[in-house]
Amino acid sequence: MLEDCKTAQDRWGGVHALIDRWLDERRALLVSFIELKEACNVELEAVYKARIDTFSQLLMDYISAGHFEVYPQLRDEAEAFGDDEAHAIADRLLARLEMSTELVLDFDNDYQSPVRCRQNLARLPAWLDRLVRGLSERFALEDQLIARLHAVHAPQAAQAQAESRL
C-alpha cells in the first residue's frame with residue numbers, strides 16, 4: 001500500500017499543490033498505520049492510546065481533506081472545463097468512497113475515549129485489517145478520481161495559463 005502511495009505521488013506530484021499536500025498526508029497516514037500495526041504485532045497491551053489517537057487523527061484529517069477540499073476542487077475543475085462525463089464518473093466514485101468513510105468514522109468512534117479504547121483494544125488488530133482493505137480500495141478510487149478529474153485537464157489548464165500570459 002505504501003508503494004502504491006509512492007506511485008500515485010510520482011504520477012501526480014507537482015501537478016497541483018492541494019493534491020501534493022493531500023498525497024503527503026496519505027503518506028504520513030500510512031506510516032502511522034504501519035507503526036501502529038507493528039506495535040500490535042509486538043505486544044497488543046503495550047499499544048498506547050496516544051499512538052492510536054495519532055493514527056486516528058491523521059485518518060480523520062485525511063478523510064476530511066478529501067471530502068471538504070480535494071473532491072470539491074476536482075469537481076470544480078471538471079465543471080470549469082465543461083466535462084460532464086467527468087462529473088458522472090465523480091458521482092459514481094464518490095458514492096463508492098462513502099463506504100470507507102463510514103468505516104473510518106466507526107473506527108474513530110470505537111477508540112476515541114480512554115474507556116472505549118481499553119474496551120476495544122483486543123479488537124484493534126482486526127480493525128486494522130479491515131481498515132487496510134478499506135483504505136486500499138479508497139486510495140485506488142481516489143487515484144482514479146485524480147486521474148479523471150485533474151490529470152485529464154492539466155494540459156488544458158497549462159495551455160490556458162500560457163495563453164493568458166501572452
Could you grab me the full set of residues in region 51-71 that are open to solvent by 70 Å² or more (accessible area, probe 1.4 Å) and without any contact (Cβ under 8 Å) to a residue 12 or more places away in the chain?
57, 68
Region 18-46: number of residues that are more than 18 Å from residue 120 (Cβ to Cβ), open to solvent by 60 Å² or more (accessible area, probe 1.4 Å) and not hydrophobic (A, V, I, L, M, F, W, C):
5
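Identify the residue in region 28-82 that is among the aromatic types (Phe, Trp, Tyr) and within 19 Å of residue 136 (Cα to Cα) and, among all such residues, is nearest to the chain's Cα centre (by Cα).
The residue in question is 62.
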What number goes with the only condition from (1) among the aliphatic types (A, V, I, L, M); (2) open to solvent by 50 Å² or more (accessible area, probe 1.4 Å); (3) in contact (Cβ under 8 Å) with a residue 24 or more places away in the chain that residue 74 does not pass?
(2)
Restricting to region 103-146, give me the number of residues that are of a type in the set (A, V, I, L, M, F, W, C) and either farther than 20 Å from residue 28 by Cα or open to solvent by 70 Å² or more (accessible area, probe 1.4 Å) (or both).
7
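The values are calculated or read from the model by the stated rules, or taken from the named source; none is laboratory data. Just so we're clear, the structure is a prediction, and the values are computed from it rather than from any experiment. So basically every Cβ, Gly included, is an ideal-geometry build from the backbone, and we count neighbours across all protein chains shown. Calculation scope for accessible area: heavy atoms of the full protein, side chains included, ligands and nucleic acids excluded. Shrake-Rupley method; radii C 1.70, N 1.55, O 1.52, S 1.80 Å.
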